[in-house]
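What follows is a single structure, written as structure tokens, with notes after it.
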Amino acid sequence: MKSSHGFTLIEVIITVTLIAIAAAMFVAYMGTSLTQSPVSSGLVAKQYALIQEMELITSQYRQEINSGTLNLNNFKTSYVDINPYVDAANTVFTTLNSGTYLTQQVLVVTLKNDDQTVMSIFTQ
């Protein structure tokens, strides 16, 4: 009887071919995920920066509401206009008239960073 100690050449070639096919499928499947992942994290970081700035503006708004000294004109010039993320073209201060029932001042603050936008509405 003959004893075998190892693999035949055909078994080695088939194994290497299967590993190469599996590696090619893995690279094709995961390739874009791995190469595009820094883009997603950068977008999340920019969105977080906008949300953080809006939270600072909102906390100042709440402080002025609680102290009873809120004036939307002063609030806009003191806290909103100095912010580097403010989209001045879309940040408006207007008086809302809805028929004869309500007249109210409204400040719509829009923060913009590249292609992301955060918007809040503040009232008197």
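The values are calculated or read from the model by the stated rules, or taken from the named source; none is laboratory data. Keep in mind it's a predicted model, so treat the numbers as computed, not measured. Glycine gets a Cβ as well: all are built from the backbone with ideal geometry, and neighbour counts include every protein chain shown.
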From the list THR69, THR58, THR91, pick out the single residue that is surrounded by fewer than 14 Cβ atoms within 10 Å (Cβ to Cβ) and of a type in the set (Val, Ile, Thr).
THR69
Apart from one, (1) surrounded by fewer than 15 Cβ atoms within 10 Å (Cβ to Cβ); (2) in a strand (DSSP E or B); (3) of a type outside the set (Ser, Thr, Tyr); (4) modelled with pLDDT of 80 or more all hold for ASN74; the odd one out is (2)
Can you tell which of MET25, MET30 is hydrophobic (A, V, I, L, M, F, W, C), at pLDDT 85 or above and part of a helix (DSSP H, G or I)?
MET25
Residue satisfying all of: in the stretch 98-124; at pLDDT below 70 and in a strand (DSSP E or B); surrounded by the most Cβ atoms within 10 Å (Cβ to Cβ) among these
THR103
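Please specify each residue of the stretch 40-77 satisfying the condition of being of a type in the set (Asp, Glu) and farther than 15 Å from GLN124 by Cβ.
Result: GLU53, GLU55.
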